[in-house]
1. Tell me, please, whether a residue that is more than 16 Å from ligand 2 (Cβ to nearest atom) and assigned to a helix (DSSP H, G or I) can be found in region 20-29.
2. I need the strands (runs of 3 or more DSSP E) fully contained in region 435-506, keeping only those with at least 1 residues that are under 24 Å from Gly563 (Cα atoms), touching a residue at least 40 places away in the same chain (Cβ under 8 Å) and open to solvent by 10 Å² or more (accessible area, probe 1.4 Å).
3. Inside region 44-66, can you point out the residues that are within 16 Å of ligand 2 (Cβ to nearest atom), in contact with a strand residue (DSSP E or B) (Cβ under 6 Å, 6 or more places away or on another chain) and not in a strand (DSSP E or B)?
4. Does region 351-371 contain any residue that is open to solvent by less than 40 Å² (accessible area, probe 1.4 Å), in contact with a Ser or Thr (Cβ under 8 Å, 6 or more places away or on another chain) and closer than 30 Å to Ser55 by Cβ?
5. Could you tell me which residue of region 238-289 is modelled with the highest pLDDT, considering only residues that are of a type in the set (Lys, Arg) and not in a strand (DSSP E or B)?
6. Within region 196-241, work out how many residues are open to solvent by 30 Å² or more (accessible area, probe 1.4 Å), in contact with a helix residue (DSSP H, G or I) (Cβ under 9 Å, 6 or more places away or on another chain) and more than 27 Å from Lys278 (Cα to Cα).
7. Does Asp41 satisfy the criteria of being over 15 Å from Val158 (Cβ atoms), open to solvent by 20 Å² or more (accessible area, probe 1.4 Å) and away from ligand 2 (no atom under 16 Å from the Cβ)?
8. Which condition from (1) modelled with pLDDT under 85; (2) of a type outside the set (Phe, Trp, Tyr); (3) within 38 Å of the chain's Cα centre (by Cα) is the one that Ala562 breaks?
Amino acid sequence: MAEARTRQFRAETRKVLNILTHSLYTNREIFLRELLSNASDALEKVRFLQSKGESVRDADLPLEIRITLDKDNKTLCVSDTGVGMTEEEMIENLGTIAKSGSEQFLKDMEKEAPQKASAEADNKTEGSEDEDRLTPDDAQPSDASRIIGHFGVGFYSVFMVADKVEVTSVSALGDGSAHVWASDGSGTFTIRALSPEEAKDLKRGTTVKASIREDATEFLEKFRIESVIRRHSNFLPFPILIDGERFNTTPALWREPKFSITREQYNDFYRYLTYDSKPPLDVIHLSVDAPVQFTTLIFIPDSEQDLFREQRDEWGLDLYVRRVLIAKDNRDLIPNYLAFLKGVVDTEDLPLNISRETLQENVVLRKISQTIVRQVLAHLERMAKNDKEKYAAFWKLHGKYFKFAFNDFVHRDRVAPLMRFATTWDGGEKGENELTSFDEYLSRMKPDQKNIWYIAAPSREAALLNPHFERFRRKGIEALILTEAVDEFALEGLGKYKDHEFKSVEQATSADLDAFPDVEEAAPKAAPLEAEDKESFDKLVARMKEILGDQVKDVRVSDRLAGSPALLASEDGVSSSMEKFMRVMQKDDSIPKKILELNPDHPLLRAMLRIFKADPDNTLLDSMTRNLFDNTLLLDGYLNDPYAMAERSLKLMGEAAGWYADLRKL
Ligand code: ADP
Ligand code: MG
């Protein structure tokens, strides 16, 4: 018998193992889901090889999974007739976790159970014998169900219920030799080659033998195992036998006739597919015959996706050809703006032996994708019309991806009406936070209004306070509020909607607005400046320009302000949110030089004028000018140094309070 060689797990792997073995989790049962999904993956690989006509060991072996429970020896075995692993593959696949995967896992665990995960990750991560065990009292059981299974750490979840694990495997592509991998989940594992005598009855595939921990003996009960499978693995595409008895699963649900499928089954399948604990928001189940034949089962998740960051590589639909899984997460099946969709596509019209590399240029695939896009858009159109609440929920979760549809020139006329934006409109009877469609905006537009106006702002409050919006408010003209960087690109990309061009309120000229009467009473206007005062005001403006120096391009008198003392304008017509976005892209955090426009009728500037006339060099003018400028920066989202402003404000307030007290003889 060959010697077993002992090896060390890599540091990242040890960290993950340490957390899994020493923390308490609700949902430990998902270890079985992970073992079964690995078995199923291994079987898919054999089926795929065979479909391509490649020869595999024990070609006649049925593709199936066997679970064996042994209460006397306290072991649970999961065996499959899948591709198996060679010695090298065992070392590589079971001894290491991709570094990125384990880091992501640890980070997510931290989110799930902050105190615990960090305590354990920081502490003894060397897998030594004397690690601190967390007792049930100081640990909140947390739900590892969603996190495990991502990031390639699924196999290790078996150590949540086992104190020893042995994996025996014979590769479908090897020479028939068998190896046993063993570990107790601490710092090391061993690998041993079986002698020809020991291996002679072994066939292709893998057996995972878990020695069940004292506190997990429930997993030696058949009924318990059955309920776990029903809950998590009910749609596995291969037969499962428990202690020799067939357990009925529902493979290829998408091939069943629609009317025979319950909502419950759809939900279960969705959970099986995504590990999402929330049922999907909506289901789209289609059978298409022309121009290509395919069946698809697509879900709109009811939970937030994270496709810009952590899950950015985890989208696409699973592609089956005649029930054989050809590619997981295939991205040629949907455009990126539908990346939030989950689901499967199964077609008869592709050859089984298609190589994954040539899928991309495949005409059949392109046709399937086009049909899916049309069908999903039609579905969303119906939802927007018939179930506004659901549509709002959809938009809240996935709108940030869907907005990228401005890129889809073919479907532009269909995607634009589906977009939603916040608005300065007070929402009539519906309340303030209602989003609006372009069509709704048009329905409220002023007669003769040409443009669809927008304003970039972090919130509705900020939009309403923005001095650029002041004239619009006075005239009762609505503007869309763009809250995300992509919004402006989307509008820019679309250009116009039904002949109404999109335009930023920052770029509004008098010609755009003068024709519309005021609907709001303007703030009582101060008497116009006398000719002599006008001259002084021009000097004050020059003085303020001197104070601000090269922080501004210019300081000017404005004719577009009423209630606000000042605003920042840019000359070249790029609106500030676009500018901000470009600056982020260029990693530029300097403050752009703009033109400070002043309202000569505002009480603040009138008071400053009085000070200036009496004492042109008064230092109070300095701090007031700087604070006024910082205020406008703040409203436009550019203020990088709030501390100087805070300090100046305090000083000004202190002085003002003193004067007030003196004046009132308090
Ligand atoms: P993932 O399944 O996400 O890759 P796991 O931790 O579940 O991560 O499994 C790690 C790897 O171990 C798998 O990718 C696979 O290569 C190998 N493996 C695990 N179980 C089996 C099995 N039953 N048959 C063949 N290979 C397996
Ligand atoms: Mg796995």
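1. Looking for residues that are more than 16 Å from ligand 2 (Cβ to nearest atom) and assigned to a helix (DSSP H, G or I), one finds at least one in region 20-29, hence yes.
2. In region 435-506, the matching strands (runs of 3 or more DSSP E) lie at 452-456, 500-504.
3. Listed by number, the list holds a single entry, Glu44.
4. Yes, because at least one residue in region 351-371 is open to solvent by less than 40 Å² (accessible area, probe 1.4 Å), in contact with a Ser or Thr (Cβ under 8 Å, 6 or more places away or on another chain) and closer than 30 Å to Ser55 by Cβ.
5. In this case the residue turns out to be Arg263.
6. The number of residues fulfilling the criteria is 1.
7. no
8. Among (1) modelled with pLDDT under 85; (2) of a type outside the set (Phe, Trp, Tyr); (3) within 38 Å of the chain's Cα centre (by Cα), Ala562 violates only (3).
The values are calculated or read from the model by the stated rules, or taken from the named source; none is laboratory data. What you see is a predicted model; the values in this text were computed from it and never measured. Counting neighbours? That spans all protein chains shown, and the Cβs are built from the backbone with ideal geometry, glycine included. These area figures cover heavy atoms from the full protein model, side chains too; ligands, DNA and RNA do not enter into them. Shrake-Rupley method; radii C 1.70, N 1.55, O 1.52, S 1.80 Å.
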